[in-house]
Amino acid sequence: MKKENMETQIDLNSSDLYLNRELSLLEFNWRVLQQALDPSVPLLERLNYLCISSTNLDEFFEVRVAGLIQQIEIGDPYLEADQISAQEALRLISIRAHELVDEQYSVLNNELLPLLEQEGIKVLPRPMWTSEHSAWLEQYFRDEIQPILSPIGLDSSHPFPRLLNKSLNFIVSMDGKDAFGRNIGFAILQAPRALPRVIQLPPELCEPGQYHFVFLSSIIHAFADDLFFGMKIKGCYQFRVTRNSDLAIDTEETSDLLATIADELTHRNYGDEVRLEIAHNCPEEMVNFLRDQCAMHQDNVYLVNGPVNLSRLQALHSMVERSDLKFKPFTQGRPNGLTSEVEIFGLLKQKDVLLHHPFQSFTPVIDLIKQAASDSSVLAIKQTLYRTGAVSPIVDALVAAAHGGKEVTVVIELRARFDEEANVALASKLQQAGAHVVYGIVGYKTHAKMLLILRRENNKLRRYVHLSTGNYHRSTSRIYTDYGLLTSDKQIGEDVNNLFIQLTSLGKIPKMHKLMHAPFNLHQGLLDKINREIAHAEAGKNAHIIVKVNALVEPEMINAFYRASIAGVKVDLIVRGICTLKPGVAGVSENIQVRGIIGRFLEHTRVFYFENGGDFEVWAGSADLMKRNLLRRVETCFPIESKRLQKRIIDDLNLYLTDNTQAWVLSADGRYQRAPRNEGDAMISAQNTLLEQLAKTN
């Protein structure tokens, strides 16, 4: 059968060809959890992966589950390409999430805690406390904990409190009468966030070279009687409520986005309840009481055998000084010729520079902005900031530039989820320094990563540009993989300048010379390049697409990949997180492979390779293949034109495609298997290889 006839008989929009995005996101979190079971990973890093999986699941409920619940409440019939209703999605999420949570606590109790104990790192439950432990902990409770606790006995004048999002709480059942002669029955105790959830015992209470810890919850359980003098404690059980944490802002109705977001942040901790976690040994009567008080469906109740907030165990990583149980430290490299003493403007006149973080340092970007801030020839600096951090050398340099009389324009995306508070503070700091600060486009998040420096040279203006797949955040540049391009290319400089003018003036801009940008031509531009590969394949030429992104959800893109596969194009997709495309479906996606890498660093690069009949094209950008990125955000996608730099990125992509130690391969059923490695095959880790090539292990 001819391919064109086959294609006409297949409905590429059929829901059977699409995975559910929420379940796909849970599968990503499952892969993160598997790192905690990997014996090749240092033990304290395994504990970190467990904590990361817990944090990821928190955000999943705060945003994704909360959104589905809201969708049902307002009667929104919107369906994704898989056509699963919100109600059915919540049912399937509950099944898979309960499996994940059970596995998390199994990993903690049956794997990690016993292994840590073998290394002399003990988290002591109450039955293991010696009399010396108990005495020290009782004093610690009275000095550090009891004074700031406020237990609430429940009655008509003390109703069930509105609990902070993800706070540690206890429900206490009691016998006896209170000071006013009444039977209370239940009380609620909320542990202030200022209290550490893991307390380290002093060295004199430990064997030499060992570390002993106690959970805050264990201490409160042990000494709860002191909080309810004259009454008998029958039971004390920890629980935690997760709330909707997405900011509800009508950008069309507000006249001051900065003030509106600052006000809305105060309400984030008190959104609607979406999940209830309770100690597994809590009596059914008390579980039902908490369910009723939180108006929680049974599907969203999780009984857990351990601390209700696993992510707090991450503190052990910094508290335990055992380098043998952690990843080896490394020193980030620098491209040849780009030392800290180099005048970067002069270097960029000669060649483009490609930075690959975290293997290579982010410092050259900071150096560039600092040099621009102090350079009398620099007239203006323009930059987008999405996530930057509360303390940022980049912001300090921009402030210095503004104080120095340069024109500084900063586009700050206030709605960067969970970074809104930091961005509000940054906006105020920059405004006070005299910088021009705007907040992007109403209804369209500014997710593009751009820096533009205008410098007068020989009585002419020359533009220097940094474009990136990641954020201007020094800390994340050590844990996220990202590409950054430094260039003085004239046409790219004009394109970036026009983009900044659009972001500030809101006007239309001329046709781009080289960049693709959302929400205008990026979506169609990528589709055109896929269609070009299809044409090459149909003409009998070699055709190959490699895409590396964080998420693949957008239906038209998936449809195009299916058409490419049917036409004979080899399609390699490296997708870290959500992927709703089904690979390996007979007659549709047999030529598509989907793999994801879970390793020491968070894969964050967005790269697109098109064979183009032998005239290779390589693009990098800020956008994932999702509707919101391609159609409802300001994003950039920039060409890598230097053959030297193209080869670097292609070599990197091929390295990821041959990884057989940290790679996972997606099946058509939505589940992942580790990439196969035959006996005798060399072990290949893309991240470790790049560390060896570009950085220096200490």
> What pairs in K349/K647; K406/K490; K490/K529; K328/K349 have C-alpha atoms more than 31 Å from each other?
Replying inline: K328/K349
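Which of the chymotrypsin sites (Phe, Trp or Tyr not before Pro) found in segment 68-152 are loop residues per DSSP with 15 or fewer other Cβ atoms within 10 Å of their Cβ? Write out the running numbers ahead of the final one.
On the way: sites: Y78, Y105, W129, W136, Y140, F141; in loops: Y78, W129.
Passing sites in segment 68-152 are Y78.
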>> Would segment 318-466 count as rounded, prolate or oblate if I go by the C-alpha gyration tensor, calling it rounded below 1.5 in a/c and otherwise prolate when a/b exceeds b/c, oblate otherwise?
In response: oblate
>> Need the list of lysines near K326 for cross-linking: C-alpha distance under 27 angstrom, and skip anything on the same chain fewer than eight residues off.
In response: K122, K696
> Placing +1 at every Lys and Arg Cβ and -1 at every Asp and Glu Cβ, with all other atoms neutral, what dipole size does segment 410-509 have around its Cα centre, in debye to the nearest 20?
Replying inline: 260
> Taking the Cα atoms only, what angle lies between the long axis of helix 43-59 and the longest principal axis of the chain, rounded to 10 degrees?
Replying inline: 90
>> Between 0 and 90 degrees, rounded to the nearest ten: what's the tilt of helix 86-106 against the longest Cα principal axis of the chain?
In response: 70
> Between rounded, prolate and oblate, where does segment 199-238 land on the alpha carbon gyration tensor, with a ≥ b ≥ c its root eigenvalues, rounded for a/c under 1.5, else prolate if a/b exceeds b/c?
Replying inline: prolate
> In whole Å, how far is the Cα centre of segment 41-120 from that of segment 427-459?
Replying inline: 37
> If you plug each phi of segment 635-645 into the Karplus form 6.51 cos²θ - 1.76 cosθ + 1.60 with θ = phi - 60°, what whole-Hz ³J(HN,Hα) values come out, in order, with x for Gly and Pro?
Replying inline: 9, 10, 9, 10, x, 9, 9, 5, 4, 4, 6
>> Whole-Hz ³J(HN,Hα) for each residue in segment 546-558, computed from phi via Karplus 6.51 cos²θ - 1.76 cosθ + 1.60 with θ = phi - 60°, x for glycine and proline: what do you get?
In response: 10, 10, 10, 9, 8, 8, 10, 9, 4, x, 5, 5, 4
> Percent relative contact order of segment 565-661, based on C-alpha pairs within less than 8 angstrom and at least six residues apart?
Replying inline: 20
> Considering only H544, M450, S589, whose Cα is most displaced toward the positive end of the charge dipole of the chain, charges sitting on Cβ of Lys, Arg (+1) and Asp, Glu (-1)?
Replying inline: M450
> Which ³J(HN,Hα) values, rounded to whole Hz and listed in residue order, are derived for segment 651-667 from phi using the Karplus coefficients 6.51, -1.76 and 1.60 in 6.51 cos²θ - 1.76 cosθ + 1.60 with θ = phi - 60°, glycine and proline given as x?
Replying inline: 4, 4, 4, 5, 4, 5, 6, 9, 4, 10, 10, 10, 9, 10, 10, 7, 9
> So which aspartates and glutamates pass the test for K382, namely a Cα distance under 17 Å, with those fewer than 8 places away in the same chain ruled out?
Replying inline: D367, D396, E407, E413, D489, E494, D495, E635
>> Please state the shape class of segment 1-154: rounded when a/c is under 1.5, otherwise prolate if a/b exceeds b/c and oblate if not, all from the C-alpha gyration tensor.
In response: oblate
>> Let's see if you can work this out: charge +1 on each Lys and Arg Cβ, -1 on each Asp and Glu Cβ, no other charges. What is the dipole magnitude of the chain about its Cα centre, in debye to the nearest 20?
In response: 2080
> Taking amide H positions as placed 1.01 Å from N in the peptide plane, with prolines and chain starts having none, which residues 5 or more places from L581, or on another chain, fall under 5 Å of its amide H?
Replying inline: L19
>> If the reach is capped at under 27 angstrom between alpha carbons, list the lysines near K232, excluding any in the same chain fewer than eight residues apart.
In response: K177
>> From Cα pairs below 8 angstrom and at least 6 apart in sequence, can you work out the relative contact order of the chain, rounded to a whole percent?
In response: 12
>> For segment 279-419, what does the relative contact order come out to in percent, with C-alpha contacts under 8 Å and a separation of six or more?
In response: 17
> Helix 21-35 sits at what angle to the longest principal axis of the chain, using alpha carbons and giving 0 to 90 degrees rounded to 10?
Replying inline: 70
>> Quick query: amide H of H212 versus all other amide H atoms, modeled in the peptide plane; which residues come in under 5 Å with a sequence gap of 5 or more or a different chain?
In response: K122, L201
> Using modelled amide H (1.01 Å from N, peptide plane; none on Pro or chain starts), what sits under 5 Å from the amide H of Q360, excluding residues fewer than 5 places away?
Replying inline: G333
> If you take the charge dipole of segment 424-489 about its Cα centre, with +1 on Lys and Arg Cβ and -1 on Asp and Glu Cβ, which of A433, L467, S477 is farthest toward its positive end?
Replying inline: A433
> Where in segment 550-613 are there GluC sites (Glu not before Pro) that are in a DSSP coil and have at most 14 other Cβ atoms within 10 angstrom of their Cβ?
Replying inline: E590
> So how strong a dipole does segment 468-575 carry about its Cα centre when Lys and Arg Cβ are +1 and Asp and Glu Cβ are -1, to the nearest 20 debye?
Replying inline: 160
> From the residues V63, L631, S245, which one has its Cα farthest along the dipole of the chain in the positive direction, the dipole being from +1 and -1 charges on Cβ of Lys/Arg and Asp/Glu about the Cα centre?
Replying inline: L631
>> What does DSSP give for the chain in terms of the percent of beta bridges that are antiparallel, rounded to the nearest 5?
In response: 70
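Laboratory data are not the source of any read-out in this text; all were calculated from the coordinates shown. Because the structure is a prediction, the values reported are computed rather than measured. No Cβ is skipped: glycine too gets one built from the backbone with ideal geometry, and neighbour counts run over all protein chains shown.
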